[in-house]
Every structure is written in structure tokens, then in C-alpha cells.
Amino acid sequence: LEQLAASYGMELTDLLSAELKSGDVEWGYSELDPGTSYTIYVYGLDADGTVTTDLYTEEFHTTAVTMSDCTFSIEPVEVNATSLSFKVVPSDETVGYYYDLIDQSQYEQYCGSNVDGIADLIQLIINDGVYNYGLSVYDAVSLMSSYGEVTSELYGDTSKANAPLVPNTSYFAFAVGLGVDGTIITDVEMIEIKTLAESSNTFNASVSEV
């Protein structure tokens, strides 16, 4: 405790004065790992740091993340030569999911012949939130998760400082369910959407399942 107080630049008595509890107390933790055992421990201290009671412990186990049978329907909404958007409709609106659009090189890098490889891309996005923005894993997953029917942004919309998409080129829209810790909990749904040729001005995009 003295080391803990020193790490906060406090005297032990000041730390105890701020942290000691009495009476009935409810204490919540929101960033525990799924499927993990934890131990709660409690003991009495006085204001000088002297132990006044025996040590009491209670073990508990958090619920493991389980697979969901939620499926996703993905359909193009607007397709142009240099931009596109799509709609995602989950079969279960209570399941959080991540959706995005990747290009051919990303598809080959992460998926190849198996769309489940998209899990590696999702892990990179979570790690970026944790290591570059100081988020917890759970906050990062929460920020990237969607629920219910969603229409994506217009990918390639230059009015929002986005790089335009390449005309007459295949892109891949996907959606996949996520557990609170970023675990993949559904099958990956992915479709190929091809942008229009530069001379085209009507919606005649090529769409296929991946």
C-alpha cells in the first residue's frame, strides 16, 4: 500500500482516507475478460494502515463469449464510378457487428481463399485503438460495433476528404459479429461490389457473393 500511495505521490494516510470504505458497498467492474476466473478480496484496515480483520475472499467466473447464429444481408445502396455505399441487415439486432469495405489488395492479404482471415484485420483495428489512442479493448470494440440495420457511409466521397474509389474495380463489403472482447462470434458475410466505369451514369453495378 505504501508503494501504491507513493506511485500517486500521496502519503499512505491520505490514500487510505480517500479509499477506505465502511458499511455495505456495491462495486462494479466493466472491463473483465470473458470466460475468466477472478477473486474478490476484502480485509479491514484502520486509518494508519493496520490490518484489523481476517482476509475474506470470494471467487467468481465470468461468462464466456459464445458463437451466435446471427447472419447478415449486405446489399449495395449507391454505386458510382468513384464511390459506393451499402446496407447491412443482421438477422438478430441484439448482436454487435463490424462492417467495412476493403479493396482487392486487402482482400488478398487478409482473406485469400478464406474470408475468416478478416479476423486479422479486425485485430489490427482494435490494436490501433488500444496502442495509438489509449482505449481499452472493450472501448475500442464498442466504438467499432454497430447494431441493427445500417447504411454505410459513401466510401470514396471526396466531399468528406476521402480518397475516391477506382472506376470499374472490385471492392468487398463485409460484416461480422463481435463479442465484447473483439472475438469473432458469427460467420463472415462478404459480397463483391464493382464500381461503374467512368463513362457510366446509371446504377448497373456488378454484385456477387464471396
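The values are calculated or read from the model by the stated rules, or taken from the named source; none is laboratory data. What you see is a predicted model, and the numbers here were worked out from it, not measured in a lab. FYI the Cβ positions are ideal-geometry reconstructions off the backbone, even for glycines, and counts take in every protein chain you see. When the accessible area is computed, the model is the full protein with side chains, heavy atoms only, and any ligands, DNA or RNA have been set aside. Shrake-Rupley method; radii C 1.70, N 1.55, O 1.52, S 1.80 Å.
Here are a few things to note about the model shown:
- Looking across region 89-115, the residues that are of a type in the set (Phe, Trp, Tyr) and over 16 Å from the mean Cα position of the chain (by Cα) come down to Tyr107, Tyr110.
- Residues satisfying the stated conditions in region 177-196, i.e. outside any loop (DSSP other than H, G, I, E, B), of a type in the set (Val, Ile, Thr) and open to solvent by 20 Å² or more (accessible area, probe 1.4 Å): Ile184
- Check on Val137, among the hydrophobic types (A, V, I, L, M, F, W, C) and closer than 27 Å to Thr195 by Cα: no
- Any hit, region 43-56, residues being β-branched (Val, Ile, Thr) and touching a strand residue (DSSP E or B) at 6+ places or on another chain (Cβ under 7 Å): yes
- Boolean, Ser83 is under 23 Å from Ser170 (Cβ atoms) and touching a Gly at 6+ places or on another chain (Cβ under 7 Å): yes
- Scanning region 24-49 for residues that are modelled with pLDDT of 85 or more, surrounded by fewer than 10 Cβ atoms within 10 Å (Cβ to Cβ) and of a type outside the set (Phe, Trp, Tyr) turns up Asp24, Ser37, Thr39.
- Among the residues of region 35-61, those that are within 28 Å of Leu4 (Cβ to Cβ) and in a loop (DSSP other than H, G, I, E, B) comprise Thr36, Tyr43, Gly44, Asp46, Ala47, Asp48, Gly49, Thr50, Thr52, Thr53, Asp54, Leu55.
- Among the residues of region 3-16, those that are within 38 Å of the chain's Cα centre (by Cα), part of a helix (DSSP H, G or I) and surrounded by 10 or more Cβ atoms within 10 Å (Cβ to Cβ) comprise Leu4, Ala5, Ala6, Leu15, Leu16.
- Of the candidates Ile118, Ile125, the single residue that is under 20 Å from the mean Cα position of the chain (by Cα) and touching a residue at least 40 places away in the same chain (Cβ under 8 Å) is Ile118.
- Here the helices (runs of 4 or more DSSP H) wholly within region 62-176 that include at least 2 residues being open to solvent by less than 30 Å² (accessible area, probe 1.4 Å) and touching a strand residue (DSSP E or B) at 6+ places or on another chain (Cβ under 8 Å) are 118-133, 137-144.
- Looking only at region 50-101, residues that are of a type in the set (D, E, K, R) and at pLDDT below 95 come to 3 in all.
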